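Contents: one structure, followed by commentary.
Each reported figure results from applying straightforward, stated rules to the coordinates on display, with no laboratory input. Given the structure is predicted, the values throughout are model-derived calculations rather than measurements. Note that we place each Cβ from the backbone using ideal geometry, even for glycine, and neighbour counts take in every protein chain shown.
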Amino acid sequence: MSPATTPPPVIAARELRFSIGETVAIGPLDLTVPAGAMVGIVGETGSGKSLMCRALTGLLPSIGGSLDGGSLRFEGEELAGADARRWASARRGRIGFMPQASLSSLNPVRRIGAQMRETLRLTGSRSRGACDRRAAELLALVRLRDVPRVLRSYPHELSGGMRQRVMLALALVGEPRLLVADEPTTALDATIQAEVLQLLRQVQERSGMSVVIVSHDLRSLSSVCDTIVVMYAGRVVESGPTATVLARPSHPYTRGLLASDPALTPRGTPLRAIEGRPLPADEWGAPGCRFAPRCGFATADCTTTDPPPEPTAPGTQAACLHWKEVVGA
Amino acid sequence: MSEQRSIALDAREVTVSYARGAPAIAGVSLAIPAGAAVGIVGESGSGKSTLARVLVGERAPTAGEARVFGRRWSEVGRRDRERRAVQMVFQDPYGALNPRMTPLETVAEAVEVVRGQPRRAALAAAEELLDHVGLGGAVVTRRPRSLSGGQRQRVVIARALACEPEVLVADEPTSALDVSVQAQILNLLLRLRRERELTLVLISHDIAVVEHLTDEVVVMLNGGVVESGPVERVLTDPHEPYTRRLVDAFHMRATPPAVRTDSPIEEQR
């Protein structure tokens, strides 16, 4: 299929299904993260995007979720069905994870230096001196100034932006092939958000790793990501190169998200808002397209047929029976 | 009278100090003309929410004074017209609602208190107000717990409208909402502004929201106003370095879809 010279994708998920609790069942969905790419997953509350992060990192069980079916290949290695031990070894040195609300996930009573040393020891025992040198290197990599002071600091002595940089440095400890960041900028001020995203991009380009960022903010993601994946109610409804998705959205929900953005709408004019609210998880079992109740393009077919993903442009897919009308609208 | 009414809210050299540390705001002067739409932007800790509370008379300044339609807030009684004429909407609509009251009861109560109408008439008026903000059917008889964030925010706005306000001060009214739902609330605020000639003060960290809804913008940093002026001027020609950073972050979001690896990242200190 692909020429032998191109490396396998870092993540290739096919027909992947995962769940948490009785009602929230995500997928089946496909996701490809090419080597060295930055992929943005956008979705609203309850779309399943945070669970997706957990699925990709093998961390669903830690929050009571499970991987239920399909294929999940990490650099060619099948990890669907892997047990905790195999996941741990797959993650070690290869997958970094920045959990949501990571601003509060630093230990408040331990200095940054001690926390970094602990993480460095987990990924390969080194001497204290080697750990300290590596910690300093990583903090410099995330562009923190006055590294010795940061190492001596407690988390509360750092600003939100600085703490998020420390979290990034911690996720980079094992020089991962893949970094998964769940809402890395949500709690930050607008100016700091932009800086953290640019930093992620620069670190990604320098190291050649792949990055998956999850966010509710399509605009921010599109400022740094190569590929955009749009999730709605537990499904991937559209995916493709950022420029194509923005210029030529082929799923009505993507189109609606762009139209809802005040930054893209002339000042003082009504936004073309998406009516209604996302379908709650306990109604996902009903037949048909989950976006149909809010969709201006919906017809009777949409309430009976679950639309399969279809190619809509090179590298782009959308799960909509009416994507041609959406593109033409 | 008309001359007095030309300025709706007025802060003069206002300083607010809490028990410890630097004042939340220091020496801030700001006049909101009646009928204007003014945005206040700034990051967390900049003092924008404190300023909002001073403007609506909820917090007395430590120094300086705050006026509403020309009257000092300190002289405005609980039941005076000015108190009612200025209504506030907060970021967390859940915390602002009584969990045991349905939207209909919540809004009807405000109507009863403000207009002195009997229960039956108040309920009818409440139904009309809720319909006006896009809530109808079974939703209006549910408890807040079973409403979505957007629906709760509509209830809060309907309750504010029950007071027949002339000024609406909204502090991060859409920050807790999903993008598609945020658009609905922004549209509602735009429509209310137009139909009711409401004076609007919008506090937000999101300059895109402020840009969309308001004509004037006030930029706050470290408890002071660093820049203010017409939205278009501030966005195209920011005078202060902080405003420039804010505007750059906004343009980064608003400009599709280049990958900007060329821009230097400021080191964090």
Mean separation of Cα pairs under 8 Å and 6+ residues apart, divided by the residue count of chain A: what relative contact order is that in percent?
20
Residue by residue through region A:248-265, what is 3J(HN,Hα) from phi via Karplus (6.51 cos²θ - 1.76 cosθ + 1.60, θ = phi - 60°)? Round to whole Hz and write x for glycine and proline.
9, x, 10, 10, x, 5, 4, 4, x, 4, 5, 5, 7, 7, x, 5, 10, 10
Choose one answer from A:Asp83, A:Asp226, A:Asp68: the residue with the largest mean-square fluctuation in a GNM of chain A with alpha-carbon springs under 10 Å.
A:Asp83
Give me a single rounded figure for A:253-262: the average over its residues of other chain Cβ atoms within 10 Å of their Cβ.
4
For region B:134-139, what does the Karplus curve 6.51 cos²θ - 1.76 cosθ + 1.60, with θ = phi - 60°, yield as ³J(HN,Hα) per residue in whole Hz, taken in order and with x for Gly and Pro?
x, 10, x, x, 5, 4
Under the Karplus curve 6.51 cos²θ - 1.76 cosθ + 1.60, θ = phi - 60°, whole-Hz ³J(HN,Hα) for region B:191-206, x wherever Gly or Pro sits:
5, 4, 4, 5, 6, 9, 6, 5, 7, 10, 10, 10, 9, 7, 8, 9
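Can you tell me what percent of all Cα-Cα pairs in region A:1-140 are more than 21 Å apart? List each step's numbers first, then the result.
Working: 5151 of 9730 pairs.
Here the long-distance tail beyond 21 Å is 53 percent of all Cα pairs in region A:1-140.
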At 0.692 mPa s and 37 °C, Stokes D of chain A from Kirkwood alpha-carbon radius, µm² per second:
158
Roughly how many whole Å is it from the C-alpha centroid of region A:139-200 to that of region B:111-185?
40
Take chain A, connect every pair of alpha-carbon atoms lying under 10 Å apart with a spring to form a Gaussian network, then pick out the residue of A:Arg248, A:Arg267, A:Arg177 with the largest mean-square fluctuation.
A:Arg267
Principal axis dimensions, region B:74-218 - Cα atoms, whole angstrom, descending:
42, 40, 26
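If we count every other residue with Cβ under 14 angstrom of B:Ala11's Cβ, Lys/Arg +1 and Asp/Glu -1, where does the sum land?
+3
Within 10 Å of each candidate Cβ there may be at most 15 other Cβ atoms; applying that plus a DSSP loop requirement, which GluC sites (Glu not before Pro) in region B:1-82 survive?
Values: sites: B:Glu3, B:Glu13, B:Glu43, B:Glu58, B:Glu65, B:Glu75, B:Glu82; in loops: B:Glu43, B:Glu58.
Sparse-neighbourhood loop GluC sites (Glu not before Pro): B:Glu58.
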Quickly estimate the mean residue ellipticity at 222 nm for the protein assembly as shown, helices only: each DSSP H run with n ≥ 4 gives -39500 (n - 2.57), and the total goes over all residues, rounded to 500.
-10000 deg cm²/dmol
Against the 2.2 N^0.38 Å scaling, with N counting residues, where does region B:1-80 land? I'd like the Cα-based Rg ratio to two decimal places.
1.10
Kindly provide log₁₀ I(q)/I(0) values, in the same order as q = 0.07, 0.09, 0.11 Å⁻¹, from the Debye equation applied to equal alpha-carbon scatterers of the protein assembly as shown.
-0.47, -0.78, -1.13
Within a Gaussian network of chain A (alpha carbon springs, distance under 10 Å), most fluctuating of A:Ile192, A:Ile213, A:Ile11
A:Ile192
Highest mean first, how do A:181-191, A:136-146, A:252-262 rank when packing is the count of other Cβ atoms within 10 Å averaged over residues?
A:252-262, A:181-191, A:136-146
Considering amide H positions built from the backbone, and no H for Pro or chain starts, which residues 5 or more places from B:Ala170, or on another chain, come under 5 Å of its amide H?
B:Val89, B:Val201, B:Leu202, B:Ile203
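For peptide A:264-273, what's the mean number of Cβ atoms from other chains within 10 Å of each residue's Cβ?
Numbers: counts 5, 5, 1, 8, 10, 3, 8, 9, 2, 11.
Partner Cβ neighbours, averaged per residue: 6.
Over all directions, how big on average is the projection of the convex hull of the alpha-carbon atoms in chain B, in square nanometres?
Values: hull surface 66.8 nm².
The orientation-averaged projected area of the Cα hull of chain B comes to 16.7 nm².
Using Stokes-Einstein with the Kirkwood hydrodynamic radius over Cα pairs, what translational diffusion coefficient do you get for region B:118-183 at 20 °C and a viscosity of 1.002 mPa s, in µm²/s rounded to a whole number? Let's see the in-between values first.
Details: Rh = 12.8 Å.
Estimated via Stokes-Einstein, D reaches 167 µm²/s.
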Starting from the amide H of B:Ile32, placed 1.01 Å from N in the peptide plane, find each other amide H under 5 Å away whose residue is 5 or more places distant or on another chain.
B:Ala8, B:Leu9, B:Asp10, B:Ala11
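What is the packing order of peptides A:231-242, B:25-36, taking the mean over residues of other C-beta atoms within 10 Å and listing the highest first? Intermediate results must be reported in sequence, preceding the final value.
Values: A:231-242: 24.9, B:25-36: 18.2.
Per-residue mean Cβ counts within 10 Å order the peptides as A:231-242, B:25-36.
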